[in-house]
Amino acid sequence: MEYRDFDELDWNPSALGFGAMRLPYNDDDRSDIKEDEAIEMIRYAIDNGVNYIDTAWPYHDEESEELVGKALKDGYREKVKIATKLPSWDIEEADDPDKFLNKQLDRLDTDKIDFYLLHALSRKHWKNYQSLEIDIFEWLKEKREEGKIDYLGFSFHDHLDIFKEIVDTYDWDFCQIQYNYLDQEFQAGKEGLKYANSKGLGVVIMEPLRGGKLAKEPPESIKKIWDEAEKDREPVEWALKWLWNQPEVSLVLSGMSTLEQVKENVEYASESGVGELSKKELDIVDRVAAKYRDISPVECTGCNYCVPCPNDVAIPRNFRIYNQAEIYDEYEKYKESWDNMKDEVKASNCVRCGQCEEACPQNLDIMDLLEDVVNYFED
Ligand SMILES: NC(=O)c1ccc[n+]([C@@H]2O[C@H](COP(=O)([O-])OP(=O)(O)OC[C@H]3O[C@@H](n4cnc5c(N)ncnc54)[C@H](OP(=O)(O)O)[C@@H]3O)[C@@H](O)[C@H]2O)c1
Ligand code: SF4
Ligand code: SF4
């Protein structure tokens with residue numbers, strides 16, 4: 001395993017961090033985590049040098065933190081830093097932060113959370129914190145003095161201007177941003193990465209494979225571009241190496257859903273480093289990104305923040321098959337998947353209540369896009 005700098009902190013994170021948002025689960029029930037398999041994956045990662053694990057209150061329908069707590073028994077807790085997050089959208093009353101933090105310590109079965117984040121900050125959640133009866137920064141300071149949390153940060157999903165405002169408002173230790181070769185100019189993006197780094201924050205990367213999209217077997221039009229590179233690499237290796245190549249990146253979180261993926265990513269991390277990609281290779285990555293943008297109708301990352309929908313629409317699933325049909329130019333194949341979906345989970349079941357759009361970190365016009373899906377498969 002390679003270790004990197006965490007900016008001003010006197011601690012070196014492993015190049016790869018474990019994101020506990022994509023653990024294996026049974027059937028369609030994200031809360032029903034395959035416990036033995038997930039624990040084996042987390043322990044394999046730690047045994048092979050991973051020293052940072054990221055979870056959050058809502059992951060796996062609120063089951064992720066407890067699973068992480070179980071995985072870190074038998075001496076594993078001492079080998080790894082835990083990151084978890086205060087669910088910003090649920091903080092209304094002055095005593096809410098304490099309620100969540102105490103429950104999280106309990107679920108994780110630990111006395112201290114090493115890296116604590118305000119989850120998914122956006123203009124809306126940022127304003128919400130400012131309107132609370134308590135001063136959230138005073139509260140964070142107090143919890144730090146009590147020894148319940150150590151380093152303070154935030155994760156982010158909104159535009160660059162608000163990102164900079166948040167960075168400048170408080171003496172944060174770190175932040176967590178969505179960043180990958182497709183999102184260089186999206187949300188915080190490359191400019192945000194450099195900005196945070198210049199202000200002394202460690203920067204943790206989430207969605208490095210854009211939720212798995214960049215790990216899929218590429219279509220012919222993308223393969224042709226990769227084939228121009230002298231070195232043959234898997235798509236996952238390209239995407240991760242592109243991030244590790246940048247000195248401002250402190251560590252890359254990957255959500256992994258099989259032990260095989262953990263083994264592969266640990267292997268890639270052990271061969272990672274800053275400045276390893278040549279100018280020609282970086283140009284190839286940029287051309288692949290441009291091509292992907294051309295051929296994807298919906299920029300959904302499959303993060304599941306928008307579900308459950310009160311009307312049972314399986315939003316990310318509808319977008320996934322629409323994207324795949326277009327990216328791979330295989331309408332008939334994915335029309336069959338659409339026809340096989342239960343009627344109640346189809347995009348056509350949307351009643352335009354708007355709830356999902358409030359939750360989407362990508363700011364997608366979900367309701368209109370769902371209509372596009374219906375038109376695409378039904379007309
Ligand atoms: N704070 C926030 O607002 C926020 C938001 C998003 C994520 N996060 C955190 O950041 C972490 C990373 O984000 P992410 O989970 O979206 O990461 P990601 O790496 O972009 O996507 C994860 C998906 O990539 C695929 N994958 C990973 N390694 C692979 C490999 N070697 N071969 C083939 N496929 C591979 C898997 O897809 P399949 O499962 O389809 O195989 C996996 O579920 C999350 O787990 C979570 O801890 C935080
Ligand atoms: S707008 Fe449609 S898809 Fe979104 S939550 Fe409401 S019913 Fe569900
Ligand atoms: S529509 Fe938005 S919230 Fe829902 S899975 Fe896609 S990116 Fe996530």
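The values are calculated or read from the model by the stated rules, or taken from the named source; none is laboratory data. The model shown is predicted, which means the values in this text are computed figures rather than measured ones. All Cβ positions, even for glycine, are placed from backbone atoms using ideal geometry, and neighbour counts span all protein chains on display.
Assorted remarks:
- Strands (runs of 3 or more DSSP E) enclosed by the range 123-209 - at least 2 residues per element that are more than 30 Å from Arg287 (Cβ to Cβ): 149-156
- Taken together, the residues in the range 153-204 that are surrounded by 23 or more Cβ atoms within 10 Å (Cβ to Cβ) and free of Cβ contacts under 8 Å to residues at least 12 places away in the same chain amount to 0.
- Residues of the range 273-296 satisfying the condition of being surrounded by 20 or more Cβ atoms within 10 Å (Cβ to Cβ) and in a loop (DSSP other than H, G, I, E, B): Leu277
- Restricting Glu299, Glu330 to residues that are more than 16 Å from ligand 2 (Cβ to nearest atom), farther than 30 Å from Cys175 by Cβ and not assigned by TED's automatic domain parsing to the domain that holds His157 narrows the list to Glu330.
- Counting only strands (runs of 3 or more DSSP E) that sit completely within the range 1-100, those holding 2 or more residues that are of a type in the set (Lys, Arg) correspond to 81-86.
- The set of residues in the range 301-312 being more than 16 Å from ligand 1 (Cβ to nearest atom) and under 22 Å from the mean Cα position of the chain (by Cα) consists of Pro308, Cys309.
- Yes/no for Tyr129 being touching a Phe, Trp or Tyr at 6+ places or on another chain (Cβ under 8 Å) and touching a residue at least 24 places away in the same chain (Cβ under 8 Å): no
- Scan of the range 91-132 for residues that are exposed (fewer than 14 other Cβ atoms within 10 Å of the Cβ) and among the acidic types (Asp, Glu), ordered by number: Glu92, Glu93, Asp95, Asp106, Asp111
- Checking each residue in the range 216-231 for being surrounded by 12 or more Cβ atoms within 10 Å (Cβ to Cβ) and under 16 Å from Glu330 (Cα atoms) picks out Lys216, Pro218, Pro219, Ser221, Ile222.
- Taking residues in the range 297-320 that are part of a helix (DSSP H, G or I), and partners anywhere that are of a type in the set (Ser, Thr, Tyr), not one pair has Cβ atoms closer than 7 Å while being at least 6 places apart or on different chains.
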